[in-house]
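Accompanying notes for the structure given below.
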Amino acid sequence: MIIAIDGPSGAGKSTIAKAVARKLGFSCLDTGAMYRAVAWQALQNGVALDDEEALGTLARDYEIAFGHVEGEPVPRRVFIGGTEVTDDIRTLQIDQAVTPVSATPSVRTALVAQQQRIGHAGNYVVEGRDIGTVVFPDAEVKVFLTASDEERAHRRVRQNVDRGVGSVDYAEVLADLQRRDKADSTRATSPLKPAEDAVHIDSTGLYIEDVIDRICQLARQAQAAPKEA
Ligand code: DC
């Protein structure tokens, strides 16, 4: 079974996807981390962010892998070409570089193919922007998760404080979220938009546990009454 969770930056997708996966015994795939890893590698190799061909080659040639922190059931560590980039892909520099990288069609083609290969191998919660629309249009459960801009910015600041990486300046984080929302929703290739059959959940003011329970409930319903082929 695939549970697709799409939505804008900072809506809580990562935390919620990991918790749902843990509860249901599913694996979890953070597709945003894959775009971030390619952006990191591009900066590392001095590839220009408007060089479509070079970015595509990079996305095809460098293997992206996920790993576990000991004792954690859901993978959190990210590697590209064998180098660990778990924390290095969460900086403001990568927040900015990932926008042109994720808008590059050849990068998307390469990463979507990898995501489909990974997801088809088992039961997965997959989070991103185009999972229910492009990567897994037949996903059994599709959720479009949103929250107000202000709440998303507050959450992202708290997350950055906890991780010890990224900006902790609220105004800067809010402006960057809004810039990325606009870029993600207006780009030509696979823009952020809800799948027609997605369940919309606005998590503003909701307890995270309630959102997790709601998605687990949708998964159980889909298991009991599969969608018609
Ligand atoms: O979810 P995130 O903030 O880590 O995602 C990083 C960037 O990658 C974000 O700007 C949007 C892009 N992205 C995408 O275009 N498609 C996905 N499936 C996941 C992320």
Subject >> Whole-percent pair-distance distribution, where bins are 5 Å wide, for the alpha carbons of the chain >> reply: 1, 7, 15, 19, 21, 18, 12, 5, 2, 0, 0
**OP:** Among S148, S190, S14, determine the one that fluctuates most according to a GNM of the chain built with springs between C-alpha atoms less than 10 Å apart.
**Re:** S148
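What is the antiparallel percent of DSSP beta bridges lying wholly in the chain, to the nearest 5?
25
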Subject >> Value of D in µm² per second that Stokes-Einstein yields for segment 109-225, Kirkwood Rh from Cα pairs, at 4 °C (1.567 mPa s) >> reply: 81
Subject >> HN-Hα J in Hz across segment 23-30 - Karplus 6.51, -1.76, 1.60, θ = phi - 60°, x for Gly and Pro >> reply: 5, 8, x, 9, 7, 9, 10, 9
**OP:** Grab the other residues whose beta carbon is less than 10 angstrom from that of P194, score K and R as +1, D and E as -1, and report the net.
**Re:** -1
Original post:
Put a dot 7 Å past each Cα toward the Cβ at D197 and A171; how far apart are the dots in nm?
Top reply: 4.7
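Restricting to Cα pairs below 8 Å that are 6+ residues apart, what does the relative contact order work out to for the chain? Please round to a whole percent. Write out the running numbers ahead of the final one.
Details: 367 pairs, mean separation 72.5, N = 229.
Normalised by residue count, the contact order of the chain is 32 percent.
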Subject >> Mean shadow area of segment 50-91, taken as a quarter of the surface of its Cα convex hull (nm²) >> reply: 3.8
Subject >> Relative counts (whole %) of C-alpha pair distances in segment 85-173, using bins that are 5 Å wide >> reply: 3, 11, 17, 18, 20, 18, 12, 2, 0
Original post:
Sorted from fewest to most neighbouring beta carbons within 10 Å, what does the list L218, L29 look like?
Top reply: L218, L29
**OP:** Please order Y170, Y207 by the number of other Cβ within 10 Å, starting at the fewest.
**Re:** Y207, Y170
Original post:
Dividing the Cα radius of gyration by the Kirkwood radius, what Rg/Rh value follows for segment 19-151?
Top reply: 0.96
Subject >> Top of G81, G56, G166 by mean-square fluctuation, Gaussian network on the chain, Cα under 10 Å >> reply: G81
Original post:
By its C-alpha gyration tensor, with a ≥ b ≥ c as the square roots of the eigenvalues, how is segment 132-183 shaped: rounded for a/c under 1.5, else prolate for a/b larger than b/c, else oblate?
Top reply: prolate
Original post:
Along segment 94-108, what does the Karplus equation 6.51 cos²θ - 1.76 cosθ + 1.60 (θ = phi - 60°) give for ³J(HN,Hα), rounded to whole Hz, x for Gly and Pro?
Top reply: 6, 3, 7, 5, 6, 5, x, 5, 6, 8, 8, x, 5, 5, 4
Subject >> Relative contact order %, segment 20-130, counting alpha carbon pairs below 8 Å whose residues are six or more apart >> reply: 40
**OP:** Pull out the extension gain between D50 and T15, defined as 0.36 nm times the separation in residues minus the alpha carbon to alpha carbon distance; nm, one decimal.
**Re:** 9.4 nm
Subject >> Most fluctuating residue given options V38, V98, V211, as computed from a GNM of the chain linking Cα atoms under 10 Å >> reply: V211
Original post:
Can you run phi through the Karplus equation (6.51, -1.76, 1.60; θ = phi - 60°) for segment 166-178 and list ³J(HN,Hα) in whole Hz, with x for Gly and Pro?
Top reply: x, 6, 10, 8, 3, 5, 5, 5, 4, 5, 5, 4, 5
**OP:** Return a single number: how many Lys pairs in the chain, at a sequence separation of 8 or more or on separate chains, have alpha-carbon atoms below 19 angstrom apart.
**Re:** 9
Original post:
What Kirkwood radius, in Å to one decimal, follows from the Cα pairs of segment 1-85?
Top reply: 14.3
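Throughout, read-outs are computed from the coordinates displayed, never taken from laboratory work. Because the structure is a prediction, the values reported are computed rather than measured. When we count neighbours, we look across all protein chains shown, and the Cβ atoms used for this are built from the backbone with ideal geometry, even at glycine.
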